[in-house]
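Right, one structure below, let's go through it.
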There are 2 protein chains.
Amino acid sequence: MNAARTTMPGPELRPAVAQPQTPHFDIRTVLFRLNDTALEVALRSAGREASLPASRPEPGESLDTAARRAVQATVGLQEQYLEQLYTLSIADRDTWSIIISYLGVSCPATLPATADQSVWHNVSTLPVVTELDQMVIQYAVIRLRAKIGYTTIAFHLLPASFTLRELQQAYETILNRPLDKRNFRRRVISADMLSSTGMKRRDGSHRPALLYQFRAAHDPESYLTPPWPIES
Amino acid sequence: MNAARTTMPGPELRPAVAQPQTPHFDIRTVLFRLNDTALEVALRSAGREASLPASRPEPGESLDTAARRAVQATVGLQEQYLEQLYTLSIADRDTWSIIISYLGVSCPATLPATADQSVWHNVSTLPVVTELDQMVIQYAVIRLRAKIGYTTIAFHLLPASFTLRELQQAYETILNRPLDKRNFRRRVISADMLSSTGMKRRDGSHRPALLYQFRAAHDPESYLTPPWPIES
DNA sequence: GCAAAAGTGTTGTGTATACACCCATGG
DNA sequence: CCATGGGTGTATACACAACACTTTTGC
């Protein structure tokens, strides 16, 4: 803040280009969607390697906004949920990059159906990406799995109204594990985040399912559950 | 990655200095210590406003290393635990900064006793700092409180060996709430993170306390506890 | 022997899990 | 009437919270 730069190059020296004094930086977003029972990530395919949607913030632009731009440029939509993940600095012989990574979540129902579908890749069968992108994606999956347990991220993967089975399938897909139907329903209902729309959906030769919607009101977002009671 | 810069200034135009095209990068660390029953933060006092220990990453330097430098320059020690918090972009008329914030934790016993003690400030009676530093500190406190519940951060605030009472006091200070002695002891012992040193400390006219040490082996660090069983 | 902190168990209550059957509909 | 998925309740285990007395030492 008040520290004068004491390590300036001598008067006639110009900074060496091969040793950059200022890093390249960019924002990369891991954008997820659910497609049937697959968890998919959006990747731009350019050349032989695919890459995460990336953007460089404009001067003064907020990081969140820049992350949103990256998403829009790749899949042409407003994502439903966005969260900063981690910032890391990567250097080799002659490049120096600072990467700010984001996790995003979107719902296929809100996507323009005309958009290119080839950007979406099942997380378990990803194309070749850089080692860095690979790390970021893995971290995003871990974070998504953890956060689905104590936040409402899952709702942003689903359309405005949905059946309890659809919600459960979303959880099962992300956790990659089956969940007990009765316990799951008890949990989400007693969590008081759903309201019934009263409507039903009939889609086959069986009993129609009630449609629910997410009660946005008290979205706890980054709520953490410490092992002590919340109030004294 | 493969995007050519398309918005360059015209041939004879030099970039305006007042509208920076590239941000300053600045790392700020919220470093905590426990002093008796107070939770303290390290701040540099320069002029009328105090400020968080900050540093600018050197070319190619990792962000963690730069954060450590900031700590060392302020309190002259290696902190015990360091964790990235959040990255944010701040712009006004003619500056553009990207701030990468860190949370650090240290133990007074490992501090050089000769070092300036005036950098330490009780978190509940902080001097005037910038609004940004204020935000970062508040966020760090929230994160520290949450993480103490499911990680081993607390051990890094204590010397190598300590009594159960000291450990409990550390928790109570950070959570700002009394905890039940028997429940606390049961919890930390069954968590299997302590080993008894067999030694006792006598420090008054009362029964001496057993000294414990932290079993570093399985430090779960960023372990999150989802409400589902860990293995299928 | 007394002051001061160390140490120790039990009980109730709530929450998570495991588990099996009836219901409504379409064909 | 049958196939298909929608919907419901209970018994058990575990984890957390509340709570009070005995032990060891210094003076």
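The values are calculated or read from the model by the stated rules, or taken from the named source; none is laboratory data. Values in this document were obtained by computation on a predicted structure and should not be read as measured data. All Cβ positions, glycine included, derive from the backbone under ideal geometry; neighbour counts span all protein chains shown.
Restricting to region B:65-74, give me the number of residues that are among the polar types (S, T, N, Q) and facing chain A (nearest Cβ under 10 Å).
The initial filter retains those residues of region B:65-74 that are among the polar types (S, T, N, Q), namely B:65, B:72, B:74.
With facing chain A (nearest Cβ under 10 Å) added as a condition, the list becomes B:65.
The qualifying residues number 1.
Identification of strands (runs of 3 or more DSSP E) wholly contained in region B:75-194 with 3 or more residues that are under 25 Å from B:ARG215 (Cα atoms) and within 11 Å of chain A (Cβ to nearest Cβ) yields no element.
Could you grab me the full set of residues in region B:102-121 that are out of contact with any helix residue (DSSP H, G or I) (no Cβ under 9 Å at 6 or more places or on another chain), of a type in the set (Gly, Ala, Ser) and without any contact (Cβ under 8 Å) to a residue 60 or more places away in the chain? Hits for region B:102-121 are B:ALA109, B:ALA113. The residues of region B:40-50 that are surrounded by fewer than 22 Cβ atoms within 10 Å (Cβ to Cβ) and aliphatic (A, V, I, L, M), listed by number, are B:ALA46, B:ALA50.
State which residue is farthest from the other protein chains (Cβ to nearest Cβ) when the search covers only region B:51-61 and only residues that are surrounded by fewer than 21 Cβ atoms within 10 Å (Cβ to Cβ) and under 14 Å from B:THR29 (Cβ atoms). Residue satisfying both the conditions and the ranking: B:ARG56. Taking the criterion of being within 17 Å of A:ALA109 (Cβ to Cβ) and outside any strand (DSSP E or B), the residues of region A:22-71 that qualify are A:ASP36, A:THR37, A:VAL71. Working only within region A:135-159, note down all residues that are free of Cβ contacts under 8 Å to residues at least 24 places away in the same chain and touching a Leu at 6+ places or on another chain (Cβ under 6 Å). A:ALA146 - this is the single residue of region A:135-159 that is free of Cβ contacts under 8 Å to residues at least 24 places away in the same chain and touching a Leu at 6+ places or on another chain (Cβ under 6 Å). Of (1) surrounded by fewer than 16 Cβ atoms within 10 Å (Cβ to Cβ); (2) at pLDDT 95 or above; (3) within 16 Å of DNA strand D (Cβ to nearest atom), A:ARG202 satisfies all except one. Which? Just one mismatch for A:ARG202, condition (2). Residue count for region A:71-114 under the criterion of being of a type in the set (A, V, I, L, M, F, W, C) and either within 14 Å of the chain's Cα centre (by Cα) or farther than 28 Å from B:GLU61 by Cα (or both): the result is 13. Taken over region B:180-200, the criterion of being among the basic types (Lys, Arg) and either near DNA strand C (Cβ under 7 Å from one of its atoms) or more than 15 Å from B:PHE155 (Cα to Cα) (or both) is satisfied by B:LYS181, B:ARG182, B:ARG185, B:ARG186, B:LYS200. Of all residues in region B:175-198, those that are more than 24 Å from B:ILE142 (Cβ to Cβ) have Cβ atoms under 7 Å from Cβ atoms of residues that are among the hydrophobic types (A, V, I, L, M, F, W, C), 6 or more apart or on another chain, in B:ARG185/B:LEU164; B:LEU194/B:VAL188; B:LEU194/B:PHE214; B:SER196/B:LEU210; B:THR197/B:LEU211. Under the condition of being surrounded by 13 or more Cβ atoms within 10 Å (Cβ to Cβ) and of a type in the set (S, T, N, Q), the residues counted in region A:205-218 number 1.
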